[in-house]
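The values are calculated or read from the model by the stated rules, or taken from the named source; none is laboratory data. Bear in mind the structure is a predicted one, so any value in this text is a computation, not a measurement. Here the Cβ is made from the backbone with ideal geometry for all residues, glycine too, and neighbour counts use every protein chain on show. Only protein heavy atoms, including side chains, enter the accessible area calculation; ligands, DNA and RNA are left aside. Shrake-Rupley method; radii C 1.70, N 1.55, O 1.52, S 1.80 Å.
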Amino acid sequence: MRPQTHRPRVRRLLVTMVAAMLIFAVVTPITFASSTAIPGFGLLEVRTEPTVAATIAIDGEVRNTGHLRQLLLPMGEYEVSFGQVDGFLTPPVVTATVRDGDVTEIVGRFVPGGLVDIRIDPPDLEPLVTVDGQVRDRGAVTVPMAEGSTEICALAVDGYETPPCVTAEVKAGEVVPVTLALRAGAAPVEESSPAGAAFASLLSEDELAMQRNRRINGPFRVSGDFSANSPGHWNEMASAMSRDFSSARWSGPTRFGGDGRVLHLNDGGGYSNDPPWQVRQMAHDMMSAAYAAAITNNHAVAAAITREIEWQATRPNLDYSNRTRWPFNYYNDLNPLFMHAVWVKDYVLAYDVTRAMGHSSPIVERWFLDLAELQEQALHANLRSVFPNRKSDSYANRASWVNQQAGQTARFANGTPVAPKPRIMGWYNNRRSQQAGFYGLVGVVLDNTYYKEEFKRYAREWVMFGHRVTESDGFFGDHMRGNDRFPQLGFSYALHALESLVPAMDGLARQGDTSLYEFSSSEGAATGTGGTNHYKTMEGVLGTYIRWIEGSNPAQYTGSGLLPVSAAGDPHYRIQSRSTQTNREIVNDAMLLLPANYYNRTDWHDAIMRVGTPSGFTATPNVVGSISGWRTDWRHRFLRSLDTNPYPTRR
C-alpha cells in the first residue's frame, strides 16, 4: 500500500476556563509507513504543558500519565480529560476529532492556581457573586483561579447594604477564604432608566420591564388571554430554561471536497452539511431561554447558554475562518452556507441578552465575526457579478440580464396574468437576505462598523431591486415561487427574508441610525420589462407585506408554472398568509411588529396581531415553508408586541 499524504491542515481549538488557562488541539499532516497505514484510522497524541503527573483519559479510560504518545484510533470524536494535580488548575474536558491519516495533538495547559472559597454573611443570603466582573453564582461558591490578584464582589440584596468588594491574592495550591458581609440597612434604590435606555442591543429596559409584567399579568401568559385561540407561550419560554442545552450538539459538516472544502448542496454536499433540525431547534430554545432568563434574572441559565455557544464555537469543522474548509467564492446562495446563518443567528440573539447579564465570551464573539466575514464575502462575491461597482453604491454598470423578465406563474381572480417581474428581483431572495441579516445583526450586537455598513448596503439594494411597489399593490423577489401543493411558499420565503433583515435594521435604529427605516430611492426594479425607475421607501415596501397579510392587495393566485385560468379564484391557490388546505398560518410576520413600533403604525400592529381580521389564529399556529415551523412563533409576539419607545429618535 502506498503511503498516504495530505495537504497541511492546521486547526487550533481554544477553550477558556479562567484567565490564561487553555486547551488547544493541533491537526497536523503525517505520512503512515506502509506497514502501519490503515484506512479509516488516525493518531491521537496528548501531552501536558508543563509536563506534570496528570492522568490522561480517553472517553473516560485512563491511558497514560503526563504524555500519551501517538495512539492509533478509528476516525471519530473522543473526549480527552485530565486528572487533578496539586497546585494547578485542571484543564476542561475537550473533544478531539481523529481524522483519516492525520495526527491530532491535544495539549492540556496546567496553570498554577488555587481556590477562592467565597462565603456570605449571613449565610442564608444569596446575592449574585462576581469574580473579576463576571457573575459566577448566587451565594457561597468556591472558584478555581489562576495565581494573582482577583476581585470578588456581591451585588445588592433588598434590605441590605452592598458590601465592599474584596481583593484576594491567589497562590498555587492554596485555598483563599473570602467573606462578603452584608449588613441590614436601607434597600438599594435603583436609578430609573431614561426612555429608550438599552438593556441589550435589541432589548430596552422599558421593554424588559413590560415583559416582566406580562409574565405575571399577560397577555400571552396563558392560553386565550389575548384572543380565542392565542396560546400561552410564557410557560413555553420558561420551560426552555430547564432544557439540557448540551443535548443537541453538532460537530459540523462531514462532506468535503478533495481540497478539503465543505461541499455545497449541488456539489455532493446534499443537505448533510446543514445544521440538523434538532440543533437548530435547540438554538431557538436557547434564544427563548435567554430572554426568559433576563425576565426572571436567572444568571445560572444565562451563563449556561454562553458556555454552550462557546462549545459550538470551538468545533474544528465549524471554524469559519478556515479558508480551506470555507472558501469565499464558492457557495453562491446555496445550502449549507445560508442555513448556518439561520442557525447561528439565534445564538447571536441569545448572546445579546446573556452578555448584557454579564456572561460574555471572546471566543463566542470571534466565532460570530468569523461567520459574518464568510457570509459577507460570499454574498459580495455573488452580487458583484451583477453589480461590479456596488461597494461604491453605483449600479449603472450591471449585468445584461438585470431587466429581463422572469417567467409568469400568477393570475388575478379574473384569469388575467400578473405582469412578470424583472429577473433581478429574484436575486434578493430569502437566502441572501438570511446571509446579510446575519452579518448585520453581528455588526449591531458587537458594534462592528464594517458589518453594519455592508448590511445597510444590502438592505438598500433589497428595497431598490427586490421589490416593485405601488400604492395599491406590491411584488417581492420570492413572489411567484409557490407550487400546486403549497401556493403560499413564495410568501413564506419572503417573510423569512424579513425575519432576518428586520432585527439588524431595528438594532441600528435603537443605536440612533434610522437611515434604513427612513430610506427612499427612485432606482431599481419597476415593470416586468425593466421600464423606468420609480420611487420606493422602506416604509412603503414593508407596508406591502402588511397588505398581503391583511388581504387588502388585489387577490393573486399561483401554483407550479403558469396557473391555469380555471384555477384562478380558487382559495387554495391564493397568495396569502395562510393555507386553506392545511389550515396553517404563516406567523413569522411577527418581526414586523418592530418597524410597526418605529413608524407608530397601529394599523400594522393590528394586522400582525390578527385584530379584526377574518383569519384569526389557529389553535397551534405554525410557520410554513422550507425552514420549518419552529423558526418564529408566538414567542415573538410575546417579546415584540410592545408599546414602548426604544429609539433615540422616532417618527
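Look at the alpha carbon pairs under 8 Å that are at least 6 residues apart: their mean separation over the length of region 456-500 gives a relative contact order of 22 percent. FRET efficiency for the pair SER520 and ALA184, taken as 1/(1 + (r/R0)^6) with r the Cβ-Cβ distance and R0 = 45 Å, rounds to 0.15. The GluC sites (Glu not before Pro) found in region 376-482 that occupy coil by DSSP, while having at most 12 further C-beta atoms within 10 Å, are GLU471.
Going by accessible surface with a 1.4 Å probe and the largest first, ARG460, ARG183 read ARG183, ARG460. Available extension along the chain between ASP100 and GLN70 is 9.4 nm, counting 0.36 nm per residue and deducting the alpha carbon span. Between ASN235 and LEU155, the simple label model (points 7 Å from Cα in the Cβ direction) yields a spacing of 2.9 nm. Once the Cα-Cα distance is subtracted from the 0.36 nm per residue extended length, the ARG366 to VAL279 segment shows a gain of 29.2 nm. Bridgeable aspartates and glutamates around LYS421 (alpha carbons under 18 Å apart, same-chain partners fewer than 8 residues away excluded): GLU461, GLU471, ASP473, ASP478, GLU523. Bridging of LYS391 to lysines at a Cα separation below 18 Å is possible for LYS452, LYS456, once same-chain residues fewer than 8 apart are set aside.
A DSSP coil position with no more than 16 other Cβ atoms inside 10 Å describes the following chymotrypsin sites (Phe, Trp or Tyr not before Pro) in region 371-459: TRP401. Run the accessible area of region 326-475 with a 1.4 Å probe and give the carbon-and-sulfur part as a rounded percent. Its accessible area is 44 percent carbon and sulfur atoms. For the Cα trace of region 472-513, dividing Rg by the Kirkwood Rh returns an Rg/Rh value of 1.18.
Estimated from the Cβ-Cβ distance and a Förster radius of 51 angstrom, the FRET efficiency linking ASN213 and GLN581 is about 0.80. Protection proxy ranking for 235-241, 45-51, using the average of other Cβ atoms within 10 Å per residue and placing the highest first: 235-241, 45-51. Computed over protein heavy atoms with a 1.4 angstrom probe, the accessible surface ordering of LYS345, LYS452, largest first, is LYS452, LYS345.
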